[in-house]
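**Q** The structure that follows is given in the form of structure tokens.
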Amino acid sequence: DLTLERLRETLRRVNSNDPVNGTWHVNTDSLCKVWCDASNMAVGVVLEVDGKVIEDASWLRRKEDVSHINVSELDAILKGLNLAIKWKFKRIELVTDSNTVYNWLSSVLCGSHKIKTSGIAEMLVRRRLSMLQELCQEYEVMATTTLVRSCENIADRLTRAPQSWLKSCFKADLVALHRRHHFGVDWSF
């Protein structure tokens with residue numbers, strides 16, 4: 001059965017490639033890098049402290065979820081910030097590969113300029129950015145943001161399907177989803 005085969009492959013990949021490993025004595029006074037990513041399929045977050053990954057998580061998006069990709073990227077940021085706060089980190093670096101989200105975060109975190117957004121998702125974007133501000137204030141978090149290329153984003157793998165899976169009966173649908181939001185990015189692991 002194809003489903004069982006995919007589950008076994010996923011288990012093999014987790015056992016051999018899961019970045020979370022090592023000593024569990026995390027210095028919560030250190031800077032926590034929160035790597036975030038989203039695709040049409042999933043939202044992913046990786047917490048990195050002192051060069052070591054301490055937690056990773058991904059959430060599949062509902063099939064009927066039609067949120068703009070930038071709104072989903074903000075959802076990933078909020079999920080990552082929540083995880084870092086649960087660990088009790090006070091210094092957090094939010095890492096994204098979305099230029100738009102980076103600019104929004106820079107605006108909110110620095111207060112340097114007004115947020116520029118419009119369109120049907122404008123109020124959703126503003127609400128999420130307001131939530132981010134409230135979380136940072138409530139939990140006394142000093143947050144910064146960094147923009148990286150998609151190929152450098154370690155949370156990127158959590159939002160992708162292996163290339164070999166695209167050779168199945170739903171290949172056309174997955175390829176179309178991938179091309180719509182991840183231009184020029186190789187799916188292979």
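Each reported figure results from applying straightforward, stated rules to the coordinates on display, with no laboratory input. In this text, all values refer to a predicted model and were calculated from it rather than measured experimentally. Please note: Cβ atoms are built from the backbone with ideal geometry, for glycine as well, and neighbour counts cover all protein chains shown.
**Q** Quick one: putting +1 on the C-beta of Lys and Arg, -1 on the C-beta of Asp and Glu, what dipole do you get for the stretch 8-133 around its Cα centre, in Debye to the nearest 20?
**A** In debye, rounded to 20, the stretch 8-133 gives about 300.
**Q** Can you run phi through the Karplus equation (6.51, -1.76, 1.60; θ = phi - 60°) for the stretch 133-146 and list ³J(HN,Hα) in whole Hz, with x for Gly and Pro?
**A** With coefficients 6.51, -1.76 and 1.60, one gets 4, 4, 4, 5, 5, 4, 9, 6, 8, 9, 10, 10, 9, 9 Hz.
**Q** Further, regarding this structure: Only four residue types carry charge here, +1 at the Cβ of Lys and Arg and -1 at the Cβ of Asp and Glu. Report the dipole size of the stretch 72-148 about the Cα centre in Debye, rounded to the nearest 20.
**A** Once rounded to the nearest 20, the dipole reads 120 debye.
**Q** Another question, if that's okay. Counting Lys and Arg as +1 and Asp and Glu as -1, what is the net charge of the other residues whose Cβ lies under 14 Å from the Cβ of Ile115?
**A** Charge balance near Ile115 sits at +4.
**Q** Could I ask something else about it? Let me make sure I get this right: for the stretch 1-129, a, b and c are the square roots of the gyration tensor eigenvalues over alpha carbons, sorted descending. Under 1.5 in a/c it's rounded, otherwise prolate if a/b > b/c, else oblate. Which is it? Walk me through the numbers on the way to the answer.
**A** Values: a/c = 2.94, a/b = 1.22, b/c = 2.41.
Oblate shape, in that a/c is at least 1.5 and b/c is the bigger or equal ratio.
**Q** While we're on this one: Placing +1 on the Cβ of each Lys and Arg and -1 on the Cβ of each Asp and Glu in the stretch 31-168, which of Met41, Leu129, Gly51 has its Cα farthest towards the positive end of the resulting dipole?
**A** Comparing the listed Cα positions along the dipole, Met41 ranks first.
**Q** Can you tell me the dipole magnitude for the stretch 41-92 around its Cα centre, using point charges on the Cβ only (Lys, Arg +1; Asp, Glu -1), in Debye to the nearest 20? Don't skip to the answer; put the middle values down first.
**A** On the way: 9 positive and 8 negative charges, 47 e Å.
Result for the stretch 41-92 is approximately 220 debye, rounded to the nearest 20.
**Q** Take the Cα coordinates of the stretch 63-143, assign each an equal point scatterer, and use the Debye formula without solvent to give log10 I(q)/I(0) at q = 0.11, 0.25, 0.26 Å⁻¹.
**A** So the normalised log intensities work out to -0.28, -1.33, -1.42.
**Q** Net charge near Asn27: determine it from the other residues with C-beta under 14 Å of the C-beta of Asn27, scoring Lys and Arg +1 and Asp and Glu -1.
**A** +2
**Q** Please work out whether the stretch 115-156 counts as rounded, prolate or oblate from its C-alpha gyration tensor, where a ≥ b ≥ c are the square roots of the eigenvalues and a/c under 1.5 means rounded, while otherwise a/b larger than b/c means prolate and anything else oblate?
**A** On the way: a/c = 2.57, a/b = 1.12, b/c = 2.29.
The shape class here is oblate.
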